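The values are calculated or read from the model by the stated rules, or taken from the named source; none is laboratory data. Just so you know, these numbers come straight off a predicted model, no measurement behind them. Please note: Cβ atoms are built from the backbone with ideal geometry, for glycine as well, and neighbour counts cover all protein chains shown. Ligands, DNA and RNA are stripped out before the accessible areas are found, and what is left, the full protein with its side chains, is counted by its heavy atoms. Shrake-Rupley method; radii C 1.70, N 1.55, O 1.52, S 1.80 Å.
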Amino acid sequence: MDEGQETYSYYGRLNGVNMNVGYHNEHHDMPSIPWNHLPRLKALAPEFYEPLLHHRSYTKLFFQFLFDQEISLFSRITRRSRGRATLQDNSTPDKQLVEGASA
């Protein structure tokens, strides 16, 4: 685990069974993209996701969660400053960004 990376993805065989919940970084980058398109997002932007640390074994990840005293359901990062994004922020929906990149 790395102090500089807040969350990790899981790229393993069980993603399909778990509705791609392992594509965690991709989901946090573009939360409005449906779960079945997250692998496509990763494939479209490998320069962003390949360098990140990730898990390949769901079993190892599960046992790390169970036995590592530093990790729990209450392990969350709290930010004092959340940036300048407001509810009035006009932004392009994530799904439209991905569809435009593949056209």
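For the reader, a short list of remarks on this structure follows.
- Label sites at V17 and E3, each approximated as a point 7 angstrom past Cα along Cα to Cβ, lie 3.7 nm apart.
- Residue (of P51, Y8, L38) at the positive-pole extreme of the stretch 1-58, dipole from beta-carbon charges: L38
- Carbon/sulfur fraction of accessible area - the stretch 1-70, other protein chains in place, 1.4 Å, %: 58
- Annotation: per residue accessible area for the stretch 1-53 equals 65 Å², rounded to a whole number [probe 1.4 Å, protein chains only].
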